[in-house]
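Just so it is clear, none of the values below were taken in a lab; they were calculated from the coordinates. In this text, all values refer to a predicted model and were calculated from it rather than measured experimentally. With ideal geometry, Cβ positions are generated from the backbone for all residues, glycine too; neighbour counts draw on all protein chains shown.
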Amino acid sequence: MRSRYNIVIVLSYIAIASTVLIYMGYKMVGNCTLAQCQTLNLEFKDTAGLLKTNDVRMAGVVAGHVQSIKVDGKIAVATVQINQEYSPVYKDAHAIVRPKNLLGETYVEIDRGHPDSGSFASGDTIRLINTITPVQVDEVLNALDPDTRTKLAVVVNSLGEATAARGQDMNVSTGDLRRIAADLAVTSTSLNQQKDNIDALLVQFDLMQKTAADFHQQLAQVLTDWNTVSTTFMNHDVQLASALGHLNNVLADLDAALPDDVVGGSGVKPEIGQTVAKQ
């Protein structure tokens, strides 16, 4: 009787241990063992502490895991698997490495993109131009020269001294910040409701700019042609004035050469040169 119970206990332990091992293996491998997942390669300038098995998220929801990370030349390539319910990822997708907590853990956030651009096939790569690596604080500090770092330390210390023992005042100011945030939320909601109209307005404004640019070129050509015509008129005006001046001299000489009695006894001498000059 006793040995029979021992067998049941042993079988129970084996079943429990097998269940735990299967569950742990499933969590380590992921649910892609039972479903078809999409595998993508992500190129980053720096993985910023990204590790194997870290999360891949879409809109804050865990959509897969990092399978491996390798170095290819001067860039890092992370291979990720996207669960079937969150695939496919489209060709205008973007990826960014984000901090998960203050302990330095990170995850990959993917924006799936738009269906109009077409979908990635499993094994395709999101290129470096469509990925972003966050800048670490130590990188910013290392980029500063010693004098700037010293001044920054003074600013931080001064800020600490200014806010010391001012917790109550800051709590009071928090209420104002909440009201400001609420007002901004209302404004943001209103703008979001008018998103289609704003997009249409921006499109029309872009068309207006393109039309103005086209008319600007045409107007510039018209002004150039008018300048040419004006220059031609000016040159012809100078020539016409010179011709009239010579004609005036000729008529004046002719006027002086005619005798007074050519007019036929009218007693009026034709002042031809003066008449032309007046004209």
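Comparing L128, L207, L40 in a Gaussian network model of the chain where C-alpha atoms under 10 Å apart are linked, the largest mean-square fluctuation is found at L207. For the chain, set up a Gaussian network in which alpha carbons nearer than 10 Å are linked by springs, and say which option among A200, A257, A15 fluctuates the most. Per the Cα network of the chain with a 10 Å cutoff, A257 tops the list. Shape class of the chain from the alpha-carbon gyration tensor: prolate, with a/c at 1.5 or above and a/b greater than b/c.
Distance between the pseudo-spin-label points of L102 and Q209 (7 Å out from Cα toward the beta carbon): 4.4 nm.
Averaging the sequence gap over all C-alpha pairs within less than 8 Å and six or more residues apart, then dividing by the number of residues, gives the chain a relative contact order of 13 percent.
Counting Lys and Arg as +1 and Asp and Glu as -1, each charge on the Cβ, what is the dipole of the chain about the Cα centre in debye, to the nearest 20? Working shown, then result.
Details: 22 positive and 30 negative charges, 537 e Å.
So the dipole magnitude of the chain works out to roughly 2580 debye.
Roughly speaking, what is the stretch gain from I198 to D138, that is 0.36 nm per residue apart minus the C-alpha to C-alpha distance, in nm to one decimal?
Numbers: separation 60, 0.36 × 60 = 21.60 nm, distance 4.02 nm.
Working it through step by step, the gained length comes to 17.6 nm.
Taken as entire DSSP H runs, the helices of the chain that both span 27 Å or more between Cα atoms along their own long axis and average 0.5 or more on the Kyte-Doolittle scale are 2-29.
Sorted fewest first by neighbouring Cβ atoms within 10 angstrom, I110, I7, I132 come out as I7, I132, I110.
Compute the Cα gyration tensor for segment 72-204, then decide on rounded, prolate or oblate, letting a ≥ b ≥ c be the square roots of its eigenvalues: rounded whenever a/c is under 1.5, prolate when a/b is larger than b/c in the other cases, and oblate in all that remain. Could the numbers behind the result be given before it?
Details: a/c = 2.38, a/b = 1.32, b/c = 1.80.
Judged from the Cα gyration tensor, segment 72-204 comes out oblate (a/c at least 1.5, b/c at or above a/b).
Between T187, T106, T53, the residue with the greatest mean-square fluctuation in the GNM of the chain (Cα pairs under 10 Å linked by springs) is T187. How would you classify segment 116-191 from its alpha-carbon gyration tensor, with a ≥ b ≥ c the square roots of the eigenvalues: rounded for a/c under 1.5, else prolate if a/b is greater than b/c, otherwise oblate? Oblate, because a/c is 1.5 or more while a/b does not exceed b/c.
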